[in-house]
Structures are given as C-alpha cells and as structure tokens.
Amino acid sequence: MEAIRFSAQVSALSVIGIYPGTFDPLTSGHLDLIERGSHLVDKLIVSVLANEAKQPMFSVEERTEMLRESTSHFTNVEVDSFDGLLVEYASAHGATLLLRGIRAVSDYEYELQMALMNRRLNPKIETVFLMAGESYSFLSSRLVKEVIRLGGDVKDMVPPNVEERLRARLLGATAGKR
Ligand code: PNS
C-alpha cells in the first residue's frame, strides 16, 4: 500500500526542463544534448530565443522548424520559442530545470554568469550542465556556417535537413549539388 502511494506521488511530480538557445542553426552537438537531456526529465522543451538583436541567419520560424524536423522521434521533447526573461518563461511552463551544455573551459565563465543570474532571479529553477559529447566539443553554429561558406564538409556536424538549408542559404545550392 505504501509502495503504491509512493509511486503515485512520484509520478505526479513530473519534472519539466527547458533547453534554451539561439540554435542558429542547431548542430549535432545540440541534438546530442537534447537526447541525453531528455532522459533526465519527463518533458524537455527546446526553446529558441526570438531575439533579432542577435541578427540570426535563420528566422525563429526556420530555427524551430529545423528543430522540430530533427527531434520528432523523441516522445518527450517539444520545440517552442521565447523572448524576455528565461526564468519567467520557464515558470510559466512549470519548468524547474534549465539545461545547458558546456564544451570547453571557455564556455564556463559565460554559463556560470547566466546560471547565477537566473538563480538570483528565481532560486527555484536549477541550471543543470551536461558536458558536450567528446566528438562535438569543438562544434559551434558559427563555425559550421564558416566551414560551409568556405566549401568545407560538415557531414555529421549538423543533421542533413540543416545542412541542406545552410547550403541553400549560403551557397544557393541543395545538399545534393556540391
Ligand atoms: O545559444 P545561446 O546563444 O548561448 O543561448 C543564450 C540564451 C538564449 C540561453 C540566453 O541568451 C538567454 O537565456 N536569454 C534570455 C534573456 C534572459 O533571461 N537574460 C537574463 C538571464 S542571463
């Protein structure tokens, strides 16, 4: 009887996590983090920052669409967008966990600052960091764009749908026409 009551309580306490980012565009490193993060929570909302001040290459709609195409096989992952304060967006969605990835020591300072600011703004929301998969620790959206622009191969660095869009945007070509 106790066990039944306990398991009912546990299942009622579902953990919702937010994985926020610019995702301009998403890389295989982001996808790896989404997959691993999705095992830590009941629902993971991958949310694209809708901030034109960052002058992204892809619109919010394009970035969310690419994310949706690439994450449709995850049953507990949703894709959304947000603007304004992340912690306010998170609490409006009942989220208690923010997921971020760390690739190298150089990411640490920026991430620490954001995590501490977010904790100051809302101490009930915890930032959880996952180390980037070792094969993705050099990868960034900015570098992928640069490599494509200069004619390099980005196979395995971005999902095929993203590569196709990048080639179309940067080279006016489709992925098949190299
Ligand atoms: O992929 P990025 O560019 O490193 O993601 C940065 C992001 C979206 C996580 C960050 O810019 C953010 O959370 N922006 C929302 C504004 C906010 O809440 N700022 C105050 C706390 S740092």
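The numbers here are math on the coordinates, done by the rules we state, and not lab data. Given the structure is predicted, the values throughout are model-derived calculations rather than measurements. Reconstructed Cβ throughout: ideal geometry from the backbone, glycine too, with neighbour counts over all protein chains shown.
Backbone phi angles across the range 13-24, fed through the Karplus curve with coefficients 6.51, -1.76 and 1.60 (θ = phi - 60°), yield HN-Hα couplings of 8, 7, 9, 10, x, 10, 10, x, x, 8, 6, 10 Hz in residue order; Gly and Pro are listed as x. Residues whose amide H falls under 5 Å from that of LEU130, counting only those 5 or more places apart or on a different chain, are ARG100, GLY101, ILE102, with hydrogens built in the peptide plane.
Using only Cα atoms, find the angle between the long axis of helix 105-121 and the longest principal axis of the chain, and express it within 0 to 90 degrees, rounded to the nearest 10. Helix 105-121 sits roughly 40 degrees off the main axis of the chain. Relative contact order of the range 13-137, taken over Cα pairs closer than 8 Å and 6 or more residues apart, is 31 percent.
Using a cut-off of 14 Å between beta-carbons, work out the net charge of the residues near GLY37 (Lys and Arg +1, Asp and Glu -1, GLY37 not included). So the environment of GLY37 carries a net charge of -2.
Just report the Cα centroid separation between the range 103-178 and the range 56-84, whole Å. Using only Cα atoms to place each centre, the spacing works out to 14 Å. Along the axis of the charge dipole computed for the range 13-137 (Cβ charges of +1 for Lys and Arg, -1 for Asp and Glu, origin at the Cα centre), the listed residues SER47, SER91, THR27 are led at the positive end by SER91.
What does the charge add up to near GLN113, with Lys and Arg as +1, Asp and Glu as -1, over the other residues with Cβ less than 13 Å from its Cβ? Around GLN113, the surrounding residues sum to 0. In sequence order, the range 82-87 has phi-based couplings of 8, 9, x, 6, 4, 5 Hz under the Karplus curve 6.51 cos²θ - 1.76 cosθ + 1.60, θ = phi - 60°, and Gly or Pro positions carry x. Highest average first, the peptides 139-149, 40-50 ordered by how many other beta carbon atoms sit within 10 Å of their residues are 40-50, 139-149.
By the rule of a C-alpha distance below 13 Å, with chain neighbours fewer than 8 residues away ignored, the aspartates and glutamates paired with LYS43 are GLU35, GLU78, ASP80. Sorted fewest first by neighbouring Cβ atoms within 10 angstrom, TYR136, TYR19, TYR108 come out as TYR108, TYR136, TYR19.
Quick check: from the Cα gyration tensor, does the chain come out rounded (a/c under 1.5), prolate or oblate? Prolate is the answer for the chain, as a/c is 1.5 or above and a/b outweighs b/c.
Distant-in-sequence amide contacts of ILE18, defined by a placed amide H-H separation under 5 Å and a gap of 5 or more residues or a different chain, comprise ILE45, LEU97, LEU98, LEU99.
Using 7 Å Cα-to-Cβ label points, what is the GLU69/VAL105 separation (nm, one decimal)? Once both label points are built, they end up 3.9 nm from each other.
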